[in-house]
Amino acid sequence: MTTLFRKLHTATIESGVFRRATRTRTGRRLLRSSPWARLRQFSRGRAIATSRRRLPHLFVDTRTCFLFVGHTKSGGTLLGSLLDAHSRVMCADELGLAAALVDIGDADVAFRLVARNAEREAQKGRVTARRLEPYTFAVPGQSQGLVAPPLAVGDSRAGPTTRFLASQPDAVPRIRRVLGPVSLRLVHVVRNPFDPIAVMVVRGGRDVGDAIADYRAQCERLVSLAMQMSSDELTIIRYEDVVDDVSQTLAHLCRFIGVEPDETYLAACREVIDSKPRRDRDRIMWDRSSIAAVESVIDAYPFLGGYRFEAAR
């Protein structure tokens, strides 16, 4: 009955009717209301209690907690979905694991929220980019959303995680204390800056100059965050490398978070990758001054080295 209820609940909140309702003024007011917040808290509490009864030792083997950082629309959701397909990895999508670890102060509870999120995302088909053109990152035949004792647990919510960690100077030390013996790893996914900036303009209705300034501010947060991590705690992945050779890039990422990829898993992930991804920068019109402004940002941060507007991707 509990499984049936979860499926019905997921189907409801992901339905077109519910989504259209929440875009109205009344719907937005409802989602910000105290009763709705209490309902969500109650639902989470019941889910965690049920999970602890059914699987009390679910995270006994967990050795790594990984968080995606970087800019929105840079490929974190794709990589998170691919990692969640690994039989010993559990990865949430847009959960906010960093904030949960700090606010709750209990790694087991926060990890069970990851398990709940990953299961729901798998039921929805790992659909993303709903405000643009929806598409799926489901990996058929693999372990997305399956509850098995994971070696690594993480979250692909890159942009908000970066802002959260940078806004609280003690966030990283607090997360380390909450994790205890579990190692913390950060995955910084980088994409040609012109693409995420264009998405900010289209999706948020923003001015190009404002989007560029926001992108630069996020770069500053990333530099500050990197200074808090040792060389074995942070890896930088380029979205273009994922597209060009997902097997090599994904194998590196798996080993970075402490799991081994097998060929069956890598082959299944290769089938998900579009060899000709959309150039999101083509969604808007660029003038010379805006292109020059973005390229000045590129030149200021080594992790963006080599990107230009004219690049194929």
Mind listing just one residue for me: the one in the stretch 102-126 that is of a type in the set (D, E, K, R) and under 14 Å from the mean Cα position of the chain (by Cα) and, of those, nearest to Leu146 (Cα to Cα)? Glu121
Looking at Thr235, Thr264 in this structure, which one is surrounded by 12 or more Cβ atoms within 10 Å (Cβ to Cβ) and within 30 Å of Met90 (Cβ to Cβ)? Thr235
Looking at this structure, is Glu260 modelled with pLDDT of 95 or more and within 19 Å of the chain's Cα centre (by Cα)? no
Is at least one residue of the stretch 272-283 touching a helix residue (DSSP H, G or I) at 6+ places or on another chain (Cβ under 6 Å), closer than 22 Å to Ser87 by Cα and at pLDDT below 95? yes
Got a sec? Which of Ala118, Ala110 is in a helix (DSSP H, G or I), of a type in the set (A, V, I, L, M) and under 26 Å from Glu263 (Cα atoms)? Ala118
Matching residues, the stretch 73-91, being farther than 27 Å from Pro193 by Cβ and crowded, with 24+ Cβ neighbours inside 10 Å: Ala85, His86, Val89, Met90
List the residue pairs whose Cβ atoms are under 6 Å apart, where the first residue sits in the stretch 172-198 and is touching a residue at least 60 places away in the same chain (Cβ under 8 Å) and farther than 16 Å from Ile236 by Cβ, the second is among the acidic types (Asp, Glu) and surrounded by fewer than 23 Cβ atoms within 10 Å (Cβ to Cβ), and the two are 6 or more positions apart or on different chains. Asp195/Asp280; Ala198/Asp280
Residues to consider are Ser247, Ser230, Ser289; find the one that is assigned to a loop (DSSP other than H, G, I, E, B) and of a type in the set (S, T, N, Q). Ser230
Among residues belonging to the stretch 156-208 that are part of a helix (DSSP H, G or I) and among the charged types (D, E, K, R), point out the one that is surrounded by the most Cβ atoms within 10 Å (Cβ to Cβ). Asp195
State yes or no: is Glu94 at pLDDT below 95, surrounded by fewer than 19 Cβ atoms within 10 Å (Cβ to Cβ) and either outside any helix (DSSP H, G or I) or not aliphatic (A, V, I, L, M) (or both)? yes
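The rows are residues; the columns are (1) over 26 Å from Arg54 (Cα atoms); (2) not aliphatic (A, V, I, L, M).
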{"site": "Thr136", "(1), (2)": "yes, yes"}
{"site": "Val147", "(1), (2)": "no, no"}
{"site": "Leu165", "(1), (2)": "yes, no"}
{"site": "Val172", "(1), (2)": "yes, no"}
{"site": "Val178", "(1), (2)": "no, no"}
{"site": "His188", "(1), (2)": "yes, yes"}
{"site": "Asp195", "(1), (2)": "yes, yes"}
{"site": "Arg203", "(1), (2)": "yes, yes"}
{"site": "Ala211", "(1), (2)": "yes, no"}
So the check is Cβ under 6 Å with 6+ separation or different chains; which pairs have a first residue in the stretch 259-284 that's in contact (Cβ under 8 Å) with a residue 12 or more places away in the chain and a second one that's aromatic (Phe, Trp, Tyr) and part of a helix (DSSP H, G or I)? Arg281/Phe194
Condition check: at pLDDT 95 or above, closer than 30 Å to Asp106 by Cβ and either buried (at least 23 other Cβ atoms within 10 Å of the Cβ) or in contact with a helix residue (DSSP H, G or I) (Cβ under 9 Å, 6 or more places away or on another chain) (or both). Does Val153 satisfy that? yes
Working carefully through the options Val127, Val69, Val109, find the one that is of a type in the set (A, V, I, L, M), closer than 20 Å to Ala171 by Cβ and surrounded by fewer than 24 Cβ atoms within 10 Å (Cβ to Cβ). Val109
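The values are calculated or read from the model by the stated rules, or taken from the named source; none is laboratory data. Just so you know, these numbers come straight off a predicted model, no measurement behind them. Cβ coordinates were reconstructed from backbone atoms using ideal geometry, including for glycine residues, and neighbour counts include every protein chain displayed.
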